[in-house]
Amino acid sequence: MSDDRLPIVISAGAILSLAGIALLADKIFERNAEELVSADFSELDHNGARSFIWASNINAWSQFPWMGTGLGTHENVIRAFHNGDAKGLNYTHAENSYLQIGTETGLAGWILLVGSISLLLRLLWTRLRFAPVDRSETPLYAGIAGSFAVFLVHGCYDFAWYAPAYMLLLAVYLAFLYSNRNDLSAGEKKKQQLKFRFQPLIFSALSVTAGLFALQWVLPAAMAEQGEIDYLNLTHRRSEFESPEEEMQLLRLRLLCLKKSLSADVEQTDNQVRMAECLRRLFELKMAQEPQMMPASQIRAAVYGGGFESPEKLQEWLNNPSVMKRTLPIAKASLLHAEQSLRYCPFNSRALLIQSDLCFVESPNPSLPDYYLARAELTNPHSAEIPYTAGAHAWNRGDVETALKFWKEVYPRNENVAQRIVELLAKVYPPEELASIFEPNLDQLNAMIKAYKPFDSEQGQIATLLLARETLEQAPELEPKQQEKVLLRAFTYLKASRLQDQPAIYIQLACEINNDSFKLHHAFGQWLAKNRKFRLAIPHLQYCLNRTAFDPQLEHLLKNCKQNLQLESRQKIRPASFDSR
């Protein structure tokens, strides 16, 4: 029997918890309340994120209706059933418990689920209807009923049953429901006596099974977790590297973390493919650092060009010091980890893309890359990486038309892939020709010209002028705030180009478009003053001072401009000196 004070303790804990949430998470509740009050389904659904994954799960279940795709396979297989591009979102779960159970276990799982829920509801009803419940326990039963109802409703919009806190709380509820069975009436006790005759034996078998499962799966995963967390922390700290040596140093640290994690749990398919990706990047950097060796693109073209009778002949050639003897083990190690990842999860498109990229080190068969790409497309048909990789293979073969066809398709869809395409093509095409190929909007053009650094080079100056011209043409159609953003962005690149006259012309035209922006006048005035265009700088600086209460720096700059302008004027009107000759 429970203590009469227990409900009071639970209520006090609940009140304290709500107070803490109100203090620490008020913004979250405010945002959620605004979404609920709006009654806008697209807002509540975050622009169709849930409906998108629900439709994908229904598609998956229709293909595997009886037994599903397998427990724990949702994250890897669901991409194959998307109705469109997921726009970079990675759906680890279905945002609906019942749909995910149907996807992973099919109709069989749904039958078990309905049976389990029915059994628990019947047990709860039996305890409330037939057992002489003590008054002090009534609030607990009411709380269990309410919490179980929340579980069932919450399952319609999330898959939270995997959370340890949920499972632990549900286990406590079940333990309470199944306890004190002597409180049942004599008739009900006689009906259920046969059912629980083998309860100790069943409980022992379940305990042994759970222990073996924990030793085989849970313990290795727990031991591998720290290495994976260290890897993720290092990955999130990545930025633009000043030299390949800096990137290689971070790569080695990330590889050490993954090696530590895989030594504890070799069956972590995500860590296997991460290791393969890091090794592939290390291979690329090493190849770039070996000027005496052939570039990887030339080696790949030579392998698929024919002339190798067998894989053994290929290995003999690749082991030549002038080809890739030093980097060959890295490429093979990357392939090995990709193969191991596919062994544990055949639906990993990232591993298949690595195989399509590096399989030339093991086989001269030119159809192998297309085979791996076809498999990757089946598992992740909307991935931007697949057409990018297909275009890269065509580019390496010298088939420029096919490469551009793939890349034009994927360029508007993914910013990261678009930047990689541009960085590759910027070495071949001048800025105006590259822009004519992809016809980018202003944001895409802004990303495109970054590939032409340094901006004070010939190609960099052409790229900045191209962005400035397009900005001036398209800015009048934008809102004032957006005008300010794009005009200031183009001017920043113009300043970096170190051109002499074009920035001043740009300033004049930009002010005709937007003459009410403090940020624009501030930037324009400072640049003009720095470049000794004092007469042009004074109106911009004066505008900024009129908009601010007090700014000593601007006042000092304006004063210097006026003094220098007067000095220049006196020098111009000074009479010519007497020439004794």
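In this structure, is GLU432 within 30 Å of THR69 (Cα to Cα), acidic (Asp, Glu) and more than 19 Å from the chain's Cα centre (by Cα)?
Judged against the criteria, GLU432 is not a match.
Within the range 501-517, is there a residue that is crowded, with 20+ Cβ neighbours inside 10 Å, modelled with pLDDT of 85 or more, touching a Lys or Arg at 6+ places or on another chain (Cβ under 8 Å) and within 23 Å of ALA475 (Cβ to Cβ)?
Within the range 501-517, one or more residues are crowded, with 20+ Cβ neighbours inside 10 Å, modelled with pLDDT of 85 or more, touching a Lys or Arg at 6+ places or on another chain (Cβ under 8 Å) and within 23 Å of ALA475 (Cβ to Cβ).
For (1) at pLDDT below 90; (2) aromatic (Phe, Trp, Tyr); (3) part of a helix (DSSP H, G or I), each residue gets a yes or a no:
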position: GLN315; (1), (2), (3): yes, no, yes
position: SER322; (1), (2), (3): yes, no, no
position: ARG326; (1), (2), (3): yes, no, no
position: ILE330; (1), (2), (3): no, no, yes
position: LEU336; (1), (2), (3): no, no, yes
position: SER341; (1), (2), (3): no, no, yes
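Would a scan of the range 372-379 turn up a residue that is touching a residue at least 60 places away in the same chain (Cβ under 8 Å) and surrounded by fewer than 22 Cβ atoms within 10 Å (Cβ to Cβ)?
yes
Need at least 3 residues that are more than 24 Å from LEU541 (Cα to Cα) per element, so show me which helices (runs of 4 or more DSSP H) inside the range 439-511 make the cut, counting only ones lying wholly within it.
Those helices (runs of 4 or more DSSP H) span 442-448, 458-474.
Conditions first: (1) closer than 23 Å to ASN514 by Cα; (2) at pLDDT 90 or above; (3) surrounded by fewer than 15 Cβ atoms within 10 Å (Cβ to Cβ). LEU487 passes all but one, so which condition is the exception?
Failing condition for LEU487: (3).
Which number in (1) within 30 Å of GLY84 (Cβ to Cβ); (2) touching a Leu at 6+ places or on another chain (Cβ under 8 Å) marks the one condition that ALA426 misses?
Going through (1) within 30 Å of GLY84 (Cβ to Cβ); (2) touching a Leu at 6+ places or on another chain (Cβ under 8 Å) one by one, ALA426 breaks only (1).
Out of everything in the range 406-446 that is of a type in the set (Val, Ile, Thr) and within 24 Å of LEU89 (Cα to Cα), what residue ends up being surrounded by the most Cβ atoms within 10 Å (Cβ to Cβ)?
Of everything passing the filter in the range 406-446, ILE421 is surrounded by the most Cβ atoms within 10 Å (Cβ to Cβ).
Residue check: is LYS313 exposed (fewer than 13 other Cβ atoms within 10 Å of the Cβ), of a type in the set (Lys, Arg), without any contact (Cβ under 8 Å) to a residue 60 or more places away in the chain and out of contact with any Leu (no Cβ under 6 Å at 6 or more places or on another chain)?
yes
Can you pull out the residues in the range 151-166 that are modelled with pLDDT under 80 and surrounded by fewer than 13 Cβ atoms within 10 Å (Cβ to Cβ)?
TYR162, ALA163, PRO164, ALA165
Could you go through the range 382-397 and let me know if any residue there is polar (S, T, N, Q), under 23 Å from THR269 (Cα atoms) and either more than 22 Å from the chain's Cα centre (by Cα) or buried (at least 20 other Cβ atoms within 10 Å of the Cβ) (or both).
Scanning the range 382-397 turns up at least one residue that is polar (S, T, N, Q), under 23 Å from THR269 (Cα atoms) and either more than 22 Å from the chain's Cα centre (by Cα) or buried (at least 20 other Cβ atoms within 10 Å of the Cβ) (or both).
Among (1) crowded, with 16+ Cβ neighbours inside 10 Å; (2) farther than 18 Å from SER497 by Cα, where does GLN526 come up short?
Status for GLN526: all satisfied but (2).
Using the structure shown, decide if ALA403 is buried (at least 16 other Cβ atoms within 10 Å of the Cβ), in a helix (DSSP H, G or I), small (Gly, Ala, Ser) and touching a Gly at 6+ places or on another chain (Cβ under 8 Å). Steps first, answer last, please.
Working: buried (at least 16 other Cβ atoms within 10 Å of the Cβ): yes; in a helix (DSSP H, G or I): yes; small (Gly, Ala, Ser): yes; touching a Gly at 6+ places or on another chain (Cβ under 8 Å): yes.
When the stated conditions are applied, ALA403 passes them.
Yes or no, residue by residue, for (1) at pLDDT 90 or above; (2) touching a Leu at 6+ places or on another chain (Cβ under 8 Å); (3) of a type outside the set (S, T, N, Q):
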residue	(1), (2), (3)
ALA447	no, no, yes
SER457	no, no, no
ILE462	yes, no, yes
LEU472	yes, yes, yes
SER497	no, yes, no
ALA529	no, yes, yes
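Regarding ILE538, is this residue more than 12 Å from PHE491 (Cβ to Cβ), touching a residue at least 24 places away in the same chain (Cβ under 8 Å) and among the β-branched types (Val, Ile, Thr)?
So ILE538 fits the description; yes.
One line per residue, one yes/no per condition, for (1) at pLDDT below 90; (2) more than 30 Å from GLN482 (Cα to Cα); (3) small (Gly, Ala, Ser):
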site	(1), (2), (3)
PRO364	yes, yes, no
SER367	yes, yes, yes
TYR372	no, yes, no
ILE386	no, yes, no
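Mind checking whether some residue in the range 68-91 is closer than 16 Å to PHE176 by Cα, in the same structural domain as SER51 (by TED's automatic domain parsing) and at pLDDT below 80?
The answer is no; no qualifying residue exists.
Could you grab the pairs with beta carbons closer than 7 Å, sequence gap of 6+ or different chains, first residue in the range 68-80 and farther than 22 Å from SER383 by Cα, second one in a helix (DSSP H, G or I) and among the acidic types (Asp, Glu)?
GLY68/GLU104; GLY70/GLU104; LEU71/GLU104
Of the residues ILE449, ILE421, which is more than 18 Å from TYR388 (Cα to Cα) and of a type in the set (Val, Ile, Thr)?
ILE449
The values are calculated or read from the model by the stated rules, or taken from the named source; none is laboratory data. All values reported here derive from a predicted model rather than from experimental measurement. With ideal geometry, Cβ positions are generated from the backbone for all residues, glycine too; neighbour counts draw on all protein chains shown.
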